[in-house]
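The values are calculated or read from the model by the stated rules, or taken from the named source; none is laboratory data. In this text, all values refer to a predicted model and were calculated from it rather than measured experimentally. Here the Cβ positions follow ideal geometry from the backbone for every residue, glycine too, while neighbour counts run over all protein chains shown. Keep in mind that these areas ignore ligands, DNA and RNA; they rest on the heavy atoms of the full protein, side chains included. Shrake-Rupley method; radii C 1.70, N 1.55, O 1.52, S 1.80 Å.
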Amino acid sequence: MGVAASAGGAGGAVGAMVARSRVPPPPGSDEALVRASSDGDVVACWSLLAAGTPADPAGGGDALPLAEAAARGHAVTVALLLIAGADRRGAAGRLTPLALACAGRHVSTARILLLAGADPAEVRAADAGTAEIASTLAQASSMAAARRAAPAAGAEAMGKALAQAGWGGDEDTVFDLICRGAPLDARVGRAAWTGHPAANGAARNGHTTCLALLMLAGADLESPCKKPWLARPLHQVAFWARDEAAALLIAAGADRSAVAGVGFGAEREARTVEGIARSRGSGGVLAMLRTAQDVERGAAVAVSESEAAAAAAAAAAAAAAARGRRHG
């Protein structure tokens with residue numbers, strides 16, 4: 001399962017933490033999300049989203065979180081907001097988040113937005129003045145055609161190169177290979193990264209921008225590494241205490257109930273995401289896992305109460321109709 005792009009961001013596959021939150025956000029949370037986005041505080045943004053704050057809040061004043069983060073080059077914050085359903089086009093009548101990122105010469109942020117479906121044509125020539133920005137826009141403009149034309153004969157080599165780049169955090173190569181149509185989830189080679197697909201290796205080693213690029217391109221969030229560990233990306237971030245990567249994966253709906261391989265121990269509990277986080281002292285990841293669980297439980301209660309209220313209303317209406325027939 002990967003993160004699907006949609007017109008309003010990558011929200012087609014938004015995780016349970018965001019999509020099922022039915023708790024009204026606390027007062028002032030809209031403004032708080034704008035501030036956290038402007039500061040690039042990924043974990044604070046995650047917490048506000050988990051509390052029910054919409055990714056495009058109505059009460060944040062003139063500023064939108066995505067535009068604030070994009071203008072300041074906070075690439076991982078931008079990715080989180082897109083995953084949570086922020087509209088990649090920004091506010092009507094203003095510079096788009098992509099245009100803001102390019103004007104600020106924030107290449108990583110521009111790449112995130114482009115892989116989420118932003119249109120390179122949004123950027124004025126004057127804002128694409130650096131060679132790196134211009135090259136990034138050109139790569140994205142030709143991406144669809146390049147991916148369709150990617151030769152099957154070169155797929156294995158590109159997959160190997162992408163896995164290596166994800167492991168090593170080589171963002172330039174990751175973006176280039178995604179644009180050229182490299183297989184996203186290949187496991188090839190005999191180097192240290194054997195058996196780690198690109199997103200898995202990026203999650204393991206804390207290369208969060210590379211992970212975000214791969215997620216927005218559609219990499220499999222449940223693709224495990226080699227035996228006997230069989231760790232998925234969420235297991236990796238729990239083991240290595242990668243809080244920002246955990247925020248992305250949980251928001252994108254990565255399976256929090258997944259059980260890793262026996263490399264982590266014989267006991268099943270020791271191989272769960274929460275068990276790994278607990279044993280490794282990954283407090284930030286553990287807190288997010290528990291918050292997500294609480295939100296899901298609260299959503300289930302809210303749904304049950306709503307269904308019960310609807311059933312009671314229907315019963316009352318039926319009773320009223322029956323009384324009307326008796327007295328008619």
*Within segment 87-94, is there a residue that is without any contact (Cβ under 8 Å) to a residue 12 or more places away in the chain and open to solvent by 10 Å² or more (accessible area, probe 1.4 Å)?*
yes
_For the condition of a type in the set (S, T, N, Q) and either open to solvent by less than 20 Å² (accessible area, probe 1.4 Å) or over 19 Å from residue 75 (Cβ atoms) (or both), what is the one hit in 130, 136?_
136
*Could you say whether any residue in segment 56-73 is modelled with pLDDT of 60 or more, more than 21 Å from residue 110 (Cβ to Cβ) and acidic (Asp, Glu)?*
yes
*Select from segment 107-125 the residues that are open to solvent by 20 Å² or more (accessible area, probe 1.4 Å) and charged (D, E, K, R) and write down the one among them that is nearest to residue 86 (Cα to Cα).*
119
*Of the criteria (1) surrounded by fewer than 24 Cβ atoms within 10 Å (Cβ to Cβ); (2) touching a strand residue (DSSP E or B) at 6+ places or on another chain (Cβ under 9 Å), which one residue 168 fails*: (2)
_Elements of type helices (runs of 4 or more DSSP H) contained in segment 73-123, each with 2 or more residues being more than 13 Å from residue 248 (Cβ to Cβ)_ = 97-103, 107-115
